[in-house]
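J.: Before I ask anything, here is the structure I am working with.
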Amino acid sequence: MASLPTDRPAATARGGAPTGADPPAPSDHRWWALAVLGLAQLMVVLDATVVNIALPSAQSALHFSNADRQWVVTAYSLCFGGLLLLGGRLADLLGRRRTLFVGLLGFAAASAIGGSSTSFAMLVTARAAQGCFGAILAPSALALLTTLFTDVRERARAFAVYGAIAGAGAAVGLLLGGALTEYLSWRWSLFVNIVFAVVATLGALTFLRDQARPKGARIDVAGTILAVGGLVALVYGFSAADTDGWTSPVTVGCLVGSVVVLALFVVVEGKVDQPLLPLRVLADRNRSGANLAILLVGIAMFGVFLFLTYYLQLTLRYSPIMTGVAFLPMVGAIMLTAPVTGTVLLPRIGPRPLVAAGCVVAGLGMVLMSQITVTSAYASHVLPGLIVSGLGMGMIFAAAMNTATAGADRSVAGVASALPNVAQQIGGALGPALLNTIATTAAASYRPSAPVSRQAAVAAAQVHGYDTAFVVVYVILFAAAVLTGVVLRGGKPAPGAADAPLALG
């Protein structure tokens, strides 16, 4: 185990104020801290799907329309995706332990309000608040992890665990949401966050200490306004495309507006002294390539969850909890390959072959799932595809999460850690919107090869749409393999790529 520095001079960098030295980090507590940070990340990731399973029950209880139903999901994703960069910068300026506490406690309070909702407006407001506090919590947790583990092998082990959580959390959310809804109430899909938050808060109080805060740092107001506006417009544009179509004025206006605003954001960030997102954070090829991989895999992963959930429940007639159970082999495959990738392969061969190979393997799983029919059995057609896809995604997330944050200066570790979350969030918004349009178009044009009843023809058309979407996902993953193979640098990670660790208790 590498020795840890006990002192370091203050450092300055453009875009970040001076940072002071932190006390040394006892190695026996870093791994407990990893458990705390992993739990915090799990809470954020699974919340993107845990409520989806409970949504029909919530709609029945609170009596809101199908048109309003999307806002329970959209309110969370808009606030979470739109505020992530600001959350990462606040972590850099105020201290990541402090912002971690704010995120945990705020997320728990918002979850309590959401679970106690007596109206649609109350539920949507609570979901928006969850997104706001999640945008503070997620980059704080990842930034803490980034600065806790600096030895290449230790860092690889830590990020293998963290990457597995990031990759499997959404599937765990489907299982947990189904179980809580079926055996308790839809409200517990929100209340469960209180348990996670309390445990994580107690763990953070025990195993994390305050870090030195930069002096004279300030928020980039113009950059913040542009970043939040651009990201909110981007996420909402994708959400509108899913419901209103790609050619609707709202969709086109939001997407075009987001491109203009984000381009202006880049211009502004290159001119201010303390930018919200220092452009040097994006200058590293490995960091940019890893975030690109996370974005493209996010499109694929959330598309798989969407259409496979439809297939299992509408075609195979699985209950909500059995749908969640059906995803467990994928979770197991991710948990199998992520540690091996992170601890054994990444320190030896570097991220480029691992991310590219992971994309190809995950894509082969999509090819298998594109063969499903109305009469397919889970064991023969769905299960192999889930396992193969999970093996590939475990490789991708373990390597990409580590690479996306490696080498970031301490002064910008928070905002650098926000970028993988931004990429995954945008992928999660774009995936369902893009793939749902493709699947719907394919289903509408489907014509059965033999005379069948109208009901059978509709079912076959739906499954044909799912199959088409899975083929498109494979194309996206293959493109991700090529692009990341070009962008990512070859070779092993450099020793000591990350900054000095934070102090633990």
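J.: Within segment 62-103, restricting attention to residues that are polar (S, T, N, Q) and assigned to a helix (DSSP H, G or I), which residue is surrounded by the most Cβ atoms within 10 Å (Cβ to Cβ)?
T.: First, the residues of segment 62-103 that are polar (S, T, N, Q): 65-66, 70, 74, 77, 99.
From what is left, the residues that are assigned to a helix (DSSP H, G or I) are 66, 70, 74, 77, 99.
Numbers: ASN66: 7, GLN70: 14, THR74: 22, SER77: 23, THR99: 26.
Ranking the qualifying residues of segment 62-103, first place goes to THR99.
J.: Identify, from the list ALA418, ALA433, ALA461, ALA442, the residue that is part of a helix (DSSP H, G or I), out of contact with any Leu (no Cβ under 9 Å at 6 or more places or on another chain), more than 17 Å from VAL304 (Cβ to Cβ) and aliphatic (A, V, I, L, M).
T.: Every option except ALA461 fails the conditions.
J.: Take VAL228 and decide whether it is outside any loop (DSSP other than H, G, I, E, B) and either in contact with a strand residue (DSSP E or B) (Cβ under 9 Å, 6 or more places away or on another chain) or surrounded by fewer than 21 Cβ atoms within 10 Å (Cβ to Cβ) (or both). Can you show your working first?
T.: Details: outside any loop (DSSP other than H, G, I, E, B): yes; either in contact with a strand residue (DSSP E or B) (Cβ under 9 Å, 6 or more places away or on another chain) or surrounded by fewer than 21 Cβ atoms within 10 Å (Cβ to Cβ) (or both): no.
So VAL228 fails the test.
J.: Mind telling me which of the residues THR323, THR337 ends up being β-branched (Val, Ile, Thr) and farther than 30 Å from GLU154 by Cα? Explain how you work it out, then say what you get.
T.: Numbers: THR337 fails: farther than 30 Å from GLU154 by Cα.
On inspection, the qualifying residue turns out to be THR323.
J.: Restrict the check to segment 374-392 and report whether at least one residue is touching a Phe, Trp or Tyr at 6+ places or on another chain (Cβ under 6 Å), assigned to a helix (DSSP H, G or I) and surrounded by fewer than 24 Cβ atoms within 10 Å (Cβ to Cβ). Outline the logic, then answer.
T.: Start the filter on segment 374-392 by keeping residues that are touching a Phe, Trp or Tyr at 6+ places or on another chain (Cβ under 6 Å), which leaves none.
Taking every residue of segment 374-392 in turn, none turns out to be touching a Phe, Trp or Tyr at 6+ places or on another chain (Cβ under 6 Å), assigned to a helix (DSSP H, G or I) and surrounded by fewer than 24 Cβ atoms within 10 Å (Cβ to Cβ).
J.: Filter segment 59-116 for residues that are small (Gly, Ala, Ser) and closer than 24 Å to LEU234 by Cα and give the result.
T.: ALA67, ALA75, SER77, GLY81, GLY82, GLY87, GLY88, ALA91, GLY103
J.: Same structure, new question: So for segment 48-56 (the condition being closer than 16 Å to ARG187 by Cα and among the polar types (S, T, N, Q)), does at least one residue qualify?
T.: The answer is yes; a qualifying residue exists.
J.: What do you reckon, is PRO353 out of contact with any Gly (no Cβ under 7 Å at 6 or more places or on another chain) and more than 18 Å from ASP467 (Cα to Cα)?
T.: Considered against the rule, which asks whether it is out of contact with any Gly (no Cβ under 7 Å at 6 or more places or on another chain) and more than 18 Å from ASP467 (Cα to Cα), PRO353 comes out as yes.
J.: Quick one: is THR343 polar (S, T, N, Q), in a helix (DSSP H, G or I) and modelled with pLDDT under 85? Explain how you work it out, then say what you get.
T.: On the way: polar (S, T, N, Q): yes; in a helix (DSSP H, G or I): yes; modelled with pLDDT under 85: yes.
Against the criterion (polar (S, T, N, Q), in a helix (DSSP H, G or I) and modelled with pLDDT under 85), THR343 qualifies.
J.: Test of understanding: among VAL161, VAL195, VAL172, which residue is assigned to a helix (DSSP H, G or I) and over 17 Å from the mean Cα position of the chain (by Cα)?
T.: Going through VAL161, VAL195, VAL172 in turn, just one is assigned to a helix (DSSP H, G or I) and over 17 Å from the mean Cα position of the chain (by Cα): VAL195.
J.: Quick check on this structure: which one of LEU312, LEU316, LEU276, LEU296 is under 22 Å from the mean Cα position of the chain (by Cα) and over 26 Å from ASP92 (Cα atoms)?
T.: Answer to the check: LEU296.
J.: Any residue in segment 330-356 that's in the same structural domain as VAL388 (by TED's automatic domain parsing) and under 22 Å from LEU483 (Cα atoms): show its pairings with residues that are modelled with pLDDT of 85 or more and outside any helix (DSSP H, G or I) at Cβ separation under 6 Å, as long as the two are six or more apart or on different chains.
T.: From segment 330-356, the pairs are PRO351/LEU488; ARG352/LEU488.
J.: Helices (runs of 4 or more DSSP H) wholly in segment 271-340 with at least 3 residues that are closer than 27 Å to ALA404 by Cα - which ones?
T.: 280-283, 285-310, 328-340
Matching residues to (1) more than 20 Å from LEU84 (Cα to Cα); (2) crowded, with 17+ Cβ neighbours inside 10 Å; (3) modelled with pLDDT of 85 or more:
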position	(1), (2), (3)
THR206	yes, no, no
GLN211	yes, yes, no
LYS215	yes, no, no
GLY223	no, yes, no
ALA233	no, yes, yes
SER239	no, yes, no
ASP242	yes, yes, no
GLY245	yes, no, no
VAL250	yes, no, yes
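J.: Restricting attention to segment 26-78, and to residues there that are out of contact with any helix residue (DSSP H, G or I) (no Cβ under 9 Å at 6 or more places or on another chain) and of a type in the set (Gly, Ala, Ser), which single residue is modelled with the lowest pLDDT? Spell out how you get there, then give the answer.
T.: Keep residues of segment 26-78 that are out of contact with any helix residue (DSSP H, G or I) (no Cβ under 9 Å at 6 or more places or on another chain), which gives 26, 28, 60-61.
So of that shortlist, the ones also of a type in the set (Gly, Ala, Ser) come out as 60-61.
Numbers: SER60: 83, ALA61: 88.
Applying the filter and picking the extreme gives SER60.
J.: Another question, then. Can you name the number of the only condition in (1) in a helix (DSSP H, G or I); (2) under 24 Å from PRO320 (Cα atoms) that SER117 fails?
T.: The one condition SER117 does not meet is (1).
The values are calculated or read from the model by the stated rules, or taken from the named source; none is laboratory data. All of these numbers come straight from a predicted model, not from anything done at the bench. Positions of Cβ are generated from backbone atoms using ideal geometry, with glycine treated the same way; all protein chains shown enter the neighbour counts.
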